[in-house]
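The values are calculated or read from the model by the stated rules, or taken from the named source; none is laboratory data. Keep in mind it's a predicted model, so treat the numbers as computed, not measured. Please note: Cβ atoms are built from the backbone with ideal geometry, for glycine as well, and neighbour counts cover all protein chains shown.
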Amino acid sequence: MSELTGVIHDIGYQRYTGPRLGRRHVFGALYLHGVRTAFGLGRSAKAKIFPWLVVAIVLAVAAGLTAVRAQFGETVMTYAQFADAMSWLVIFFVAVAAPELVSRDLRSGVLPLYFSRPLPRGDYALAKLGALATALWLLLGAPQLVMFLGAAFTTGDGMSGVWHELLDLLPGLLYAALWAVVFASIGLLIASLTGKRAFAAGGIVAIFLMTTPVVGVLSIMPSRAINELAFLASPSTLVGGVGTWALGDLLVPEGQGGGMPIGDFGPVYAAAAVLLVAGCVTLLLLRYRKVAAR
Amino acid sequence: MTTISAQPAAPTTPASTLDLAGVSRWYGNVVAVNDVSMRLGPGVTGLLGPNGAGKTTLLHMMAGFLSPSRGTVSLDGEPTWRNPQVYRRLGLVSEREAVHAFLTAYEFVLASAKLHQLPDPAAAARRAIDLVEMADAQDRRIGTYSKGMRQRTRVAAALVHDPQVLLLDEPFNGMDPRQRLHMMTLLHRLGDAGRTILFSSHILEEVEQVSGTVQVMVAGRLAASGDFRTIRRLMTNRPHVFAIHSTDDRALAVALMAEPSVTGVELGRTGLSVKAGDYGAFTRALPKLALRHGIRVRQLLPEDESLESVFSYLVEA
Amino acid sequence: MSTVGWITARGLFGRRRFLMLVPLPLLLVGLAVLCRALGVAPGEWGPAVLVGLGLAVVLPVVALVVGTGVLGAEIEDGTVVHILTKPLPRWQIVLPKLAVATGVSAATVAVPLFAAGTLADSVRLGLALAAASALGALAYSALFLALSLLTRRPVLLGLVYVLIWEGLLGRFADGTRVLSVQQWVIALADRMAPTDLLGTSVSVPVAAVLTALVAVGFTVLAIDRLRSFSVAGETS
């Protein structure tokens, strides 16, 4: 008779000893999740209403502009001007998306769960910021792409016409990226201050609303220098100022002179924008270093 | 040993009855409460049920915070929905522990007393706070309280106007054993004094200790009402289980298997476990059997008359 | 009734969010003082500061934060149950809250507007602006109080109204101006102290009637909704 052997397997709690993905993957996962959250993907239908409403409006405007251009050959707005015109919608989108990204985490007390993983606190903040900036850039860039495609397909100059359009589009996309970065930094910072989404949204809107009349007042002051520097006061006009300096006549179609009257202060605007973004990011990082993980 | 420093006063008005007739509540396709009829009179009743059975929905309908999709909920003949006057006789302690964190306990209960338009709100507030043993901490902000203290503050606010009917949704949540004992004693005394108390729970020991009368809800339906031991006896399709110790277990087991009322016998190290289909017949047959075989029965205990087994039978059914 | 008002006021002032409101009136007065000090013509800075900042931004935002805070905050954290389980007719709950909201909003907005208006033109303009903005605060507060009972996200909807309806559309579509509280306030102030600084296409009788209608109508709506207030489960 042969020996009958038996063994009892240990199927209790097992530690995971396999390979682990690194910090970049963690960052990437959080970033991707952030972009999806900004557009309400992966959530209930109600969460999709506001973001996609804004997307629909900007796309509709872009489609309308493309149709006008195709029909009448007249460029109502350049790509960069389109970004300027949609500023209020961008503000609204930030006011809805930024609280969804950070205020919800603060409110529901999941920050301890995040920070007890191999995720540096700075990474968390930067991933969310990157996600919001990407979402805003997509929001502005997609309609610009629509306008480009429409112009490219109806151009009468063949390949060189398409090439010219492309040369107009690229700075426009860059300009949109500038909008995205500035607004995302400000919006996310304000949203990270409170756990209640309503107040975060109200605060973001209030900041933008408050600063616009200040610009109006400063631009009628007796001093010319102040008039030209007035646009520093509000983020939307600040970005517009940088655009006027950097992109110059790409902001206006030929024939319409002007752009924003910033005189020689272009570099000041650029520096101010950089400082603003850097300041907001620093404060955001400080906030997350300090926030008591409730 | 806890001592209650204040006694609840006997109500000066006649007892109130809470009447539910064919009450149903649905949300689209989901039926939360399904044709529940009950009449709650003076004394303490436990509303028992697993999570999601519809207890909170039922309590909110009784408290006038939800309108029944069908049926009527009335207190002494008056509907509770859209009828603020019913709160003269009704007090509710909801499950959510939300309370104004910026007020002190005394201010909160005093505000409650004033909103009830009591003739002497300050005295009523102090009385209510003494009743729940919150007198030491009453001048601190509620935001600094522990969960159990917040719970007791809410109970005080609900009792300040001496209601005839008190509804409590999971009142023992978050209370430590001493506080729980105190609350149970308080509810007992209120019930004995003639008030109608209904509290919901899914912790069976609490219900067993506070009241014998239960209303069991399972999946939106009322599965059983009344004294739980009586309910157990009514469940004839479940065999009763008895634990028997005797001088000769094996011989007794053989003899019992011949008995028609016995459906199963299990011989264990600690004694016999007997399943009997017919409670009455078995209890009459056992002594005669033991006498005939010369076996002395040392211990006979019903094993499954606890509320827990009643409850699990009802939930499985 | 005063107990409800007292609790509401305590709740408002006890929360940090209230501090958020402080910079707005200060900015208003600050800009007015600055412009006056620098000798800029009132015709130039008046509309931007008084209307652009004061009536278009400060008034609605303050009214929104306060109006949704008096009831919306209690509904959201569940403490409204304590006020509702009392034998009070529901109007005795809504009216004190409305009074607190209107009072706080009006005080926060009327005082700086009075100062700015006086600096811009005359005391008469200052008083007119203060009075009209108080009426506007009443209408806004009633609207936002009712919104708190109609929807779970009253602040967001209120923002949609202020930003998109009054802000965006009001600038481009004349038709929507008739239904904008902001325009009514401008019309009323202009009537009380006629000036070039204020101007609107909405006529004064229409503005007065609509303001009264909104204030009363939404209050009645709020009272009715509060009577049928439902709490389903533990997560409301």
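The table below gives the values:
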item: Qualifying helices (runs of 4 or more DSSP H) (wholly inside segment B:166-280; at least 1 residues being surrounded by 15 or more Cβ atoms within 10 Å (Cβ to Cβ) and free of Cβ contacts under 8 Å to residues at least 40 places away in the same chain); result: B:177-192, B:204-210, B:249-257
item: Output for segment C:141-186, where each listed residue is aliphatic (A, V, I, L, M), modelled with pLDDT of 80 or more and assigned to a loop (DSSP other than H, G, I, E, B); result: C:178, C:179
item: Matching helices (runs of 4 or more DSSP H) fully within segment B:46-152 where at least 1 residues are within 26 Å of the chain's Cα centre (by Cα) and among the acidic types (Asp, Glu); result: B:121-131
item: Of the criteria (1) at pLDDT below 90; (2) crowded, with 23+ Cβ neighbours inside 10 Å, which one residue B:7 fails; result: (2)
item: Residue that is surrounded by the fewest Cβ atoms within 10 Å (Cβ to Cβ), among those in segment B:281-317 that are in contact with a strand residue (DSSP E or B) (Cβ under 6 Å, 6 or more places away or on another chain), among the hydrophobic types (A, V, I, L, M, F, W, C) and farther than 18 Å from residue B:229 by Cα; result: B:297
item: Filter result for residue C:7 (more than 9 Å from every other protein chain (Cβ to nearest Cβ) and under 22 Å from residue B:150 (Cα atoms)); result: no
item: Boolean, residue C:32 is aliphatic (A, V, I, L, M), assigned to a helix (DSSP H, G or I) and surrounded by fewer than 21 Cβ atoms within 10 Å (Cβ to Cβ); result: no
item: Residues being within 9 Å of chain C (Cβ to nearest Cβ), assigned to a helix (DSSP H, G or I) and either more than 20 Å from the chain's Cα centre (by Cα) or crowded, with 24+ Cβ neighbours inside 10 Å (or both) - total across segment A:182-202; result: 4
item: Residue that is surrounded by fewer than 22 Cβ atoms within 10 Å (Cβ to Cβ) and within 23 Å of residue C:220 (Cα to Cα), where the choices are C:88, C:64; result: C:88
item: Filter result for the condition that a residue is in a loop (DSSP other than H, G, I, E, B) and within 14 Å of chain B (Cβ to nearest Cβ), over C:96, C:87; result: C:87
item: Matching residues in segment B:76-131 - criterion: being under 28 Å from residue B:201 (Cβ atoms), surrounded by fewer than 21 Cβ atoms within 10 Å (Cβ to Cβ) and among the aromatic types (Phe, Trp, Tyr); result: B:81
item: Candidate set: segment C:10-27, residues that are more than 7 Å from every other protein chain (Cβ to nearest Cβ) and at pLDDT 80 or above; chosen: the one surrounded by the fewest Cβ atoms within 10 Å (Cβ to Cβ); result: C:26
item: Failed item in (1) more than 20 Å from residue C:4 (Cα to Cα); (2) hydroxyl-bearing (Ser, Thr, Tyr); (3) within 13 Å of chain C (Cβ to nearest Cβ), with residue B:144 passing the rest; result: (3)
item: Residues located in segment C:177-224, provided they are under 21 Å from the mean Cα position of the chain (by Cα) and within 14 Å of chain B (Cβ to nearest Cβ); result: C:223
item: Tabulated pairs, segment A:83-104, first closer than 20 Å to residue C:161 by Cα and in a helix (DSSP H, G or I), second of a type in the set (Ser, Thr, Tyr) and modelled with pLDDT under 90, C-beta under 8 angstrom, 6+ apart or interchain; result: A:87/A:236; A:91/A:236
item: Residue list for segment C:129-138, filter: within 14 Å of residue C:208 (Cα to Cα) and either at pLDDT 95 or above or crowded, with 24+ Cβ neighbours inside 10 Å (or both); result: C:132, C:133, C:136, C:137, C:138
item: Residue in segment A:51-58 that is assigned to a helix (DSSP H, G or I), within 14 Å of another protein chain (Cβ to nearest Cβ) and under 14 Å from the mean Cα position of the chain (by Cα) present; result: yes
item: Residue within segment A:62-70 that is on the phi < 0 side of the Ramachandran plot, away from chain C (no Cβ under 14 Å) and not in a helix (DSSP H, G or I) present; result: no
item: Looking only at segment C:151-160, and only at residues there that are in contact (Cβ under 8 Å) with a residue 24 or more places away in the chain and either β-branched (Val, Ile, Thr) or farther than 14 Å from residue C:74 by Cα (or both), the one that is surrounded by the most Cβ atoms within 10 Å (Cβ to Cβ); result: C:158
item: Condition check for residue C:78: over 30 Å from residue B:66 (Cα atoms) and either crowded, with 24+ Cβ neighbours inside 10 Å or among the small types (Gly, Ala, Ser) (or both); result: no
item: Breaking point among (1) surrounded by fewer than 16 Cβ atoms within 10 Å (Cβ to Cβ); (2) hydrophobic (A, V, I, L, M, F, W, C); (3) at pLDDT 85 or above, for residue C:125; result: (1)
item: Odd one out for residue C:141 among (1) away from every other protein chain (no Cβ under 14 Å); (2) farther than 19 Å from residue C:57 by Cα; (3) hydroxyl-bearing (Ser, Thr, Tyr); result: (2)
item: Those residues of segment A:90-130 which are in contact with a Leu (Cβ under 7 Å, 6 or more places away or on another chain) and away from every other protein chain (no Cβ under 14 Å), in sequence order; result: A:101, A:102, A:105, A:122, A:124, A:125, A:127, A:128, A:129
item: Pair list, Cβ < 8 Å and 6+ apart or interchain, from segment C:58-81 residues that are at positive phi and at the interface with chain B (Cβ under 10 Å from one of its Cβ atoms) to residues that are outside any helix (DSSP H, G or I) and charged (D, E, K, R); result: C:78/B:96
item: Test: residue in segment B:132-141 that is within 14 Å of another protein chain (Cβ to nearest Cβ), closer than 21 Å to residue B:171 by Cα, in contact with a helix residue (DSSP H, G or I) (Cβ under 9 Å, 6 or more places away or on another chain) and crowded, with 22+ Cβ neighbours inside 10 Å; result: no
